[in-house]
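Report on one structure; see the data block that follows.
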Amino acid sequence: MKLLMPLLLLFVLVLPGTCPSPVRGDEDLSRHPIYSRYDFAKGPRVINFASQPLAVPIGVISEVMRRDRILRQELAKLGYEIRFLPFLKGNDINFFFKQGKIVAAMGGDMPTIMTAASLDIVVPALAKLGFSSIVASNITTAADLKGKKIGYPPFSNGHYALLSALSSVNLKETDVRLVPMDINKMVDALAAKKIDAFAAWEPVPSIAAKTGDHFRTIFRCQNSSYFYLSRAFAERHPEATSLMLAAMVRALHWMKKDERNLRQASAWMLDASGRLQGKPVGLTADEIAILTRRDILDITTHPTIPELDLTDKGTVRRKFDFLKSQGIVPASSAAEKVLRSFDRELISRVLTRHKKYRVESFDYETERVDQ
């Protein structure tokens, strides 16, 4: 697998105990204005797949998979139906994942690790290797955040980047004013001066850079995203699991094959994002394509999780230790359980049987797909 090793070297390590514990909240999302309208059909043959249209590149990948006729046809032969449901962020996905309403998802590293610490899941594939950023208005360094209002999505890799930034300049959480906020509201809040900075993942930092000349990224922290699913489902339905993984690989190959495909996929993501948040994203398909190339396509189209990330000193273990030190995962959680959730063999089986799983065959719906 082709990896950009310099990205790994830029990861910011926060030692346990260097940042204060965030305030935890267990919000009941069953009455959420968006999610309360969803039909979470349940059954052994219904696959509810959670996507994040507001995240790049996982929102782009999911939108390609959602239009994959081969995936639907092959699943139908086995008696399965797949439904793609859009969410604003990974923590929202995991609320319904814990209820058994979601079977599979693509999400950031922090929500994935949090879920692996408390539930029995399998994490078979890498979906991103990029950055979360601290974007500020008229602020030039992380030290200048002292006393400022900072928007952040709780328990996300953006949250982790924020605490990393504070720790890097010896600031405490009490030295700033933290404002929990949905990621789709951050740029407007910064422009309206309701906050002085925010912590988020792409494409939000790029939208901010395009929105205001005085908005600038002052700190970046490496993050990853993953494909993950219920272990019970993966073990009971191994072929359906392989078909979903094959669709993910096929999506990467299709986008890499032709720049026009990548722009089309990016346009699909923009359409889905606009419908989810009720307003345009603020970037063009070409700009989304640049982010998608940078954070996955130029890294790999064979999304095997780097083995180095799964060692005792790897990024997964370090982020788990951080979450545990902050009380975000239970004190009884074991790192070994989380690391065992990452399974490189599942994607390897698909890649070694690429002809069977037709990862180089492409058949996508060209019209908008509503579910």
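Below is a table of values for the structure above.
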item: Residue check, G25 part of a strand (DSSP E or B) and either modelled with pLDDT under 95 or surrounded by fewer than 17 Cβ atoms within 10 Å (Cβ to Cβ) (or both); result: no
item: Output for the range 206-232, where each listed residue is part of a helix (DSSP H, G or I), in contact with a strand residue (DSSP E or B) (Cβ under 8 Å, 6 or more places away or on another chain) and at pLDDT 95 or above; result: R231
item: Filtered residues of the range 50-68 (kept if more than 17 Å from R275 (Cα to Cα) and outside any helix (DSSP H, G or I)); result: P57, D68
item: P154 vs. criteria modelled with pLDDT under 95 and not assigned by TED's automatic domain parsing to the domain that holds N48; result: yes
item: Every residue from the range 182-199 that is modelled with pLDDT of 95 or more and either in contact with a Pro (Cβ under 8 Å, 6 or more places away or on another chain) or within 17 Å of M110 (Cα to Cα) (or both); result: A199
item: Those residues of the range 43-97 which are modelled with pLDDT of 95 or more and among the basic types (K, R), in sequence order; result: R66, R67, R69, R72, K77, R83
item: Selection status of A272, over 27 Å from K185 (Cα atoms) and of a type in the set (G, A, S); result: no
item: Selection count where residues are at pLDDT below 90 and either among the aliphatic types (A, V, I, L, M) or on the phi > 0 side of the Ramachandran plot (or both), scope the range 303-328; result: 3
item: Every residue from the range 273-311 that is in contact with a Gly (Cβ under 7 Å, 6 or more places away or on another chain) and of a type in the set (S, T, Y); result: S273
item: Subset of the range 316-333 [surrounded by 12 or more Cβ atoms within 10 Å (Cβ to Cβ) and free of Cβ contacts under 8 Å to residues at least 60 places away in the same chain]; result: R317
item: Whichever residue in the range 280-290 is within 23 Å of T366 (Cβ to Cβ) and in contact (Cβ under 8 Å) with a residue 60 or more places away in the chain and, among such residues, is surrounded by the fewest Cβ atoms within 10 Å (Cβ to Cβ); result: E287
item: Qualifying residue in the range 302-309 (condition: touching a residue at least 60 places away in the same chain (Cβ under 8 Å) and among the polar types (S, T, N, Q)); result: yes
item: Cβ-Cβ under 6 Å pairs, at least 6 apart or on other chains, the range 266-278 side within 13 Å of V56 (Cβ to Cβ), far side among the charged types (D, E, K, R); result: W268/E63; M269/E63; A272/E63
item: Unique residue being closer than 20 Å to F322 by Cβ and touching a Pro at 6+ places or on another chain (Cβ under 8 Å) when the list is T174, T115; result: T174
item: Among the residues listed as L339, L262, L351, the single one being in contact with a Lys or Arg (Cβ under 8 Å, 6 or more places away or on another chain), among the aliphatic types (A, V, I, L, M), in a helix (DSSP H, G or I) and over 16 Å from V56 (Cβ atoms); result: L339
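Residues checked against (1) assigned by TED's automatic domain parsing to the domain that holds P203; (2) polar (S, T, N, Q); (3) in a loop (DSSP other than H, G, I, E, B); (4) under 25 Å from W254 (Cβ atoms):
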{"site": "T301", "(1), (2), (3), (4)": "no, yes, yes, yes"}
{"site": "T304", "(1), (2), (3), (4)": "no, yes, yes, yes"}
{"site": "K319", "(1), (2), (3), (4)": "no, no, no, no"}
{"site": "L323", "(1), (2), (3), (4)": "no, no, no, no"}
{"site": "S332", "(1), (2), (3), (4)": "no, yes, yes, no"}
{"site": "E345", "(1), (2), (3), (4)": "no, no, no, yes"}
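For (1) more than 28 Å from I183 (Cα to Cα); (2) of a type outside the set (S, T, Y); (3) surrounded by fewer than 18 Cβ atoms within 10 Å (Cβ to Cβ), each residue gets a yes or a no:
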position: G278; (1), (2), (3): no, yes, yes
position: R294; (1), (2), (3): no, yes, no
position: D298; (1), (2), (3): no, yes, yes
position: K313; (1), (2), (3): yes, yes, yes
position: S341; (1), (2), (3): no, no, no
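The values are calculated or read from the model by the stated rules, or taken from the named source; none is laboratory data. All values reported here derive from a predicted model rather than from experimental measurement. Glycine also receives a Cβ, built like all others from the backbone with ideal geometry; neighbour counts cover every protein chain displayed.
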